[in-house]
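We did not get these values from a lab; they are worked out from the coordinates using the rules stated. Everything numeric here is computed off the predicted structure, so don't read it as measured data. A quick note on method: Cβ atoms are made from the backbone with ideal geometry, for glycine too, and the neighbour counts reach across all protein chains shown.
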Amino acid sequence: MPPKRERSSDSNEGSSTTPSYQKKESKLPSELSPLLVPGRKAWTAEEEEAFLEIIDEVVKAGLWNAAKSRSELKGRKQATVQSHWDALFKKLNKS
């Protein structure tokens, strides 16, 4: 997707000619600019915690059905799969 263009007002003010456009310069590092969208508020710690709890509940609800259908996990039991998820979730929750 091409970058948005910003209307330049330096030389065409009061002129009836076609406005000129220039590329909008980003003041953020390129790796951060997609994460910060004007008009959107940051997630609070409470919202993040609630979101992680929802993810945990959703994953646990369908984890065994998804895991038992995969040939790579054929020898794993339900308790082992659940235990492995719990360990991964704790690790994700710490970061």
Handout entry: Radius, Kirkwood style, for region 56-95 when every pair of distinct Cα atoms is counted (Å)
Key = 10.6 Å
Practice task
Note down the net charge around residue 76, summing +1 for each Lys or Arg and -1 for each Asp or Glu among other residues with Cβ under 11 Å from its Cβ.
Solution key: +3
Fill in the blank from the handout: The pairs in 74/94; 60/90; 60/94 lying past 23 Å Cα-Cα in this model are 74/94
Handout entry: Karplus 3J(HN,Hα) series, Hz, for region 72-87 with 6.51 cos²θ - 1.76 cosθ + 1.60 (x for Gly, Pro)
Key = 5, 10, 4, x, 8, 8, 4, 5, 5, 5, 4, 5, 5, 4, 4, 5
Practice task
Report the label-to-label distance for residue 78 and residue 90 in nanometres (one decimal), using points 7 Å from each Cα along the Cα→Cβ vector.
Solution key: 2.2 nm
Exercise for the section: Work out, step by step, the length gained on full extension between residue 53 and residue 68: first 0.36 nm times the residue separation, then minus their alpha carbon distance; give nm to one decimal. Expected result: 3.1 nm
